[in-house]
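The values are calculated or read from the model by the stated rules, or taken from the named source; none is laboratory data. Quick caveat, the model's predicted, so the values are computed rather than measured. Cβ atoms come from the backbone with ideal geometry, glycine included; neighbour counts cover every protein chain shown. These accessible areas exclude ligands, DNA and RNA; they are computed on the full protein's heavy atoms, side chains included. Shrake-Rupley method; radii C 1.70, N 1.55, O 1.52, S 1.80 Å.
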Amino acid sequence: MTPHIRLLAFGSAGHAAAVALRRAVLRAPLGLDFAPGQLAAEAGDAHLGAFDGETLIGAAVLTPYGEGVCKLRQMAVSEAARGTGAGAGLLAAAEAEARRRGARRVVLEARLTARGFYERFGYAAEGGVFTQVTLPHILMAKSI
C-alpha cells in the first residue's frame, strides 16, 4: 500500500480526524489530552494526513520554528497502518512542505522508541535525552 498524503485545512473535518488520531495514538495511552488552547495555537501550522483510500491512517504537524527551520511535531500512525510506509510517506511530505515554505532544516523531538525510524531517514540526535509527556525524548535534526 502506498498512502496518499495531503495537507489538511485547519478546522476541517480532515483536521478533526487528524487531531482524534493524534489524541488516540500519542496522548490517550499516557492518560493525557491536549491542554486548552494547545490546538488553537496550531492554526498557522501545516497539518498533513496520510490516507489509505478515504481512511486517515497517519498525521503530522509542521510548525515554523525560526529562520529557515520547521519543527515536525505530533507525528502519529495508527497501529494497524504501522509498517505500511505511512510514516515514511508523512516524513517525506513534511520535508517537502518545509522546503516549499523556505526551510533548510527540520527539527523534531523524537520519543526514544522512534529514534531509529528517524535515523533511517537521515536525522541525527542533537543533545541528550530529556523527558516530555512522561517519556524519554531526544532532539533530532536534518538539513533538507
Original post:
Looking at Gly87, Gly68, Gly53, Gly83, which one is open to solvent by less than 50 Å² (accessible area, probe 1.4 Å) and more than 15 Å from the chain's Cα centre (by Cα)?
Top reply: Gly68
**OP:** Go through the stretch 35-84 and give me each residue that's of a type in the set (Lys, Arg) and modelled with pLDDT under 95.
**Re:** Arg82
**OP:** Tell me which residues, restricted to the stretch 109-121, are open to solvent by less than 50 Å² (accessible area, probe 1.4 Å) and either aliphatic (A, V, I, L, M) or in contact with a Lys or Arg (Cβ under 9 Å, 6 or more places away or on another chain) (or both).
**Re:** Ala110, Ala114, Tyr118
Original post:
Which of the residues that make up the stretch 22-50 are open to solvent by less than 30 Å² (accessible area, probe 1.4 Å) and more than 14 Å from the chain's Cα centre (by Cα)?
Top reply: Phe34
Original post:
Can you tell me which residue in the stretch 122-142 is most open to solvent (accessible area, probe 1.4 Å), limited to those that are free of Cβ contacts under 8 Å to residues at least 60 places away in the same chain and among the β-branched types (Val, Ile, Thr)?
Top reply: Thr131
